[in-house]
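Only one structure is covered here, and it is reproduced in the block below.
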Amino acid sequence: MPKLTIRQWPLPVETGRSTVLDAALSSGVPFPHGCRTGECGSCKSLLLSGDVSMANYDHEVLTDAERSAGFILACRAKPHCDVHVSWLGGSVSVDLPTVRMSAQVTNVEQVSPTVKRLYVWPQKTLQFAAGQFARLRFQNLPARAYSMANMPGEEALEFHVRLIPGGAVSDHIAEELNVGDTIEVEGPFGNAHLRPEDNGPLVLIAGSSGLAPAKSIIRTALRSQPDRYVHLYFGVRSEAHIYDESELQVLASRHQNFTVETVLSEPGGQTDRRAGLLPNILAADLAHHTTAQFYMAGPPEMVEAVSKVVSDFGISRDQIHADPFHTSGNSDDGETQTKQPGRFLSGFSKLFPLGRIRQKSKKQTDKEGKSVHEAAE
Ligand SMILES: Cc1cc2nc3c(=O)[nH]c(=O)nc-3n(C[C@H](O)[C@H](O)[C@H](O)COP(=O)(O)OP(=O)(O)OC[C@H]3O[C@@H](n4cnc5c(N)ncnc54)[C@H](O)[C@@H]3O)c2cc1C
Ligand code: FES
């Protein structure tokens with residue numbers, strides 16, 4: 001049976017027929033990982049010796065040049081012989097078991113012209129870290145990723161779904177989903193979660209339904225550290241698209257260290273709020289946030305532009321955490337939410353070579369931020 005040796009771990013691990021990642025995790029090794037399906041790059045590793053075969057993966061996450069240079073994705077790599085690897089990921093994921101279970105929809109609410117809030121009651125409490133997501137399957141539609149907006153430990157799961165016209169799951173949620181429906185929940189997934197070991201300032205940048213993971217992170221952080229500095233930028237198109245404002249204001253009134261700024265991309269007249277695009281607004285403020293951990297969520301173009309602004313400012317990659325809402329296109333595989341390698345931004349994977357951030361491709365954000373603007377609602 002091939003043996004796996006990991007540079008950062010003292011003992012070799014038996015691999016059997018499993019992947020490098022599965023073998024490591026089942027032996028209790030805290031191997032960095034995220035999607036487990038070759039799409040996020042969190043498990044990217046250097047193959048120091050031996051040989052592996054690689055199952056399907058996203059070639060934007062692990063480029064052919066990297067593969068030739070000896071890099072592998074541990075979640076897709078099956079050893080043929082004894083192998084020695086070194087993981088690249090700087091931060092180790094929370095290692096919660098992934099479960100699949102049924103859940104009942106207990107509330108469906110239109111909270112803005114484009115966003116619906118769902119509450120679902122799973123068979124048993126889903127363990128997750130604030131900022132993570134689950135895959136939801138409605139009837140026989142393909143599973144889609146949605147981030148939890150509730151805090152870990154709360155029984156009812158809260159999701160915010162931005163309704164994409166013509167989207168398979170969006171249309172179902174918009175038109176057919178009813179209270180009492182049974183759905184399937186699988187999770188948790190994702191690396192853009194609140195780090196338990198970190199207690200510094202937090203800056204959250206949420207575009208539209210990206211407010212969901214931001215809310216979970218904010219409430220969780222403030223519950224354990226009520227005096228922690230937390231700053232939220234919530235970007236929406238116009239006044240009509242703002243939601244959950246009073247809830248956030250209540251939180252801000254209890255925690256003077258928590259600030260909410262709602263940013264309107266198309267105010268449509270005089271406003272007291274900040275107006276503009278999130279990347280530009282954030283760029284103007286970055287000097288105040290240099291020591292913060294940045295969590296960003298929402299449309300991929302927005303996440304890309306915001307991440308670039310933060311990174312260009314000289315803020316370390318380790319301070320940036322994001323799971324962009326990469327859209328799943330017409331994928332009907334029913335299992336994973338992102339199966340279209342061509343949709344990722346190659347330039348962006350260079351910016352974040354460890355693949356901490358996955359990006360949608362095609363529309364490069366132009367200088368005026370047009371595509372960011374379009375994506376915000
Ligand atoms: C890690 C992760 C977390 C996510 N969390 C959330 C969340 O909390 N809330 C949320 O609302 N969504 C979230 N998403 C996105 C979500 O998983 C779905 O991709 C989204 O709801 C669209 O699914 P659909 O089936 O309705 O559309 P699909 O049938 O997949 O798409 C239909 C068509 O619309 C296009 N399209 C889809 N999205 C867009 C877009 N943004 N702009 C322009 N065209 C688009 C597609 O390219 C396709 O042609 C998340 C995605 C990921 C990867
Ligand atoms: S965990 Fe391997 S690519 Fe995401």
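A short reminder: the numbers here are calculations on the coordinates, not readings from a lab. These numbers come from a predicted model, not from an experiment. Every residue, glycine as well, gets a Cβ built from its backbone with ideal geometry; the counts of neighbours run over all protein chains shown.
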What ranking of I173, I242 emerges when the number of other C-beta atoms within 10 Å of each C-beta is taken as an exposure proxy, fewest first? I242, I173
Whole-Hz ³J(HN,Hα) from phi, Karplus 6.51 cos²θ - 1.76 cosθ + 1.60, for region 297-312, glycine and proline x: 8, x, x, x, 5, 5, 4, 4, 5, 5, 4, 5, 4, 5, 5, 4
Pair E261, S18: separation of 7 Å Cα→Cβ label points (nm): 4.6 nm
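Can you tell me the mean projection area, over all orientations, of the convex hull of region 99-189's alpha carbons? Units nm², please. Write out the running numbers ahead of the final one.
Working: hull surface 20.8 nm².
Answer in nm², one decimal: 5.2.
Within a 10 angstrom radius of the beta carbon, how do I218, I72, I320 rank from fewest other beta carbons to most?
On the way: I218 28, I72 24, I320 21.
Ordered from fewest to most neighbouring Cβ atoms within 10 Å, I218, I72, I320 come out as I320, I72, I218.
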Which percent of Cα pairs goes in each bin when the distances of region 202-322 are cut into 5 angstrom slices starting at zero? 2, 11, 23, 25, 21, 13, 4, 0
Hey, fewest Cβ within 10 Å first, where do E175, E154, E39, E304 land in order? E175, E154, E39, E304
How many nm is it between the label spots at E245 and R223, if each spot is 7 Å from the Cα in line with the beta carbon? 2.7 nm
What are the residues whose amide H is under 5 Å from the amide H of G276, where those residues sit 5 or more places off or on another chain and H is modelled from the backbone? L264, S265
Using alpha-carbon pairs under 8 Å, 6+ residues apart, how would you state the relative contact order of region 202-322 in percent? 30 percent
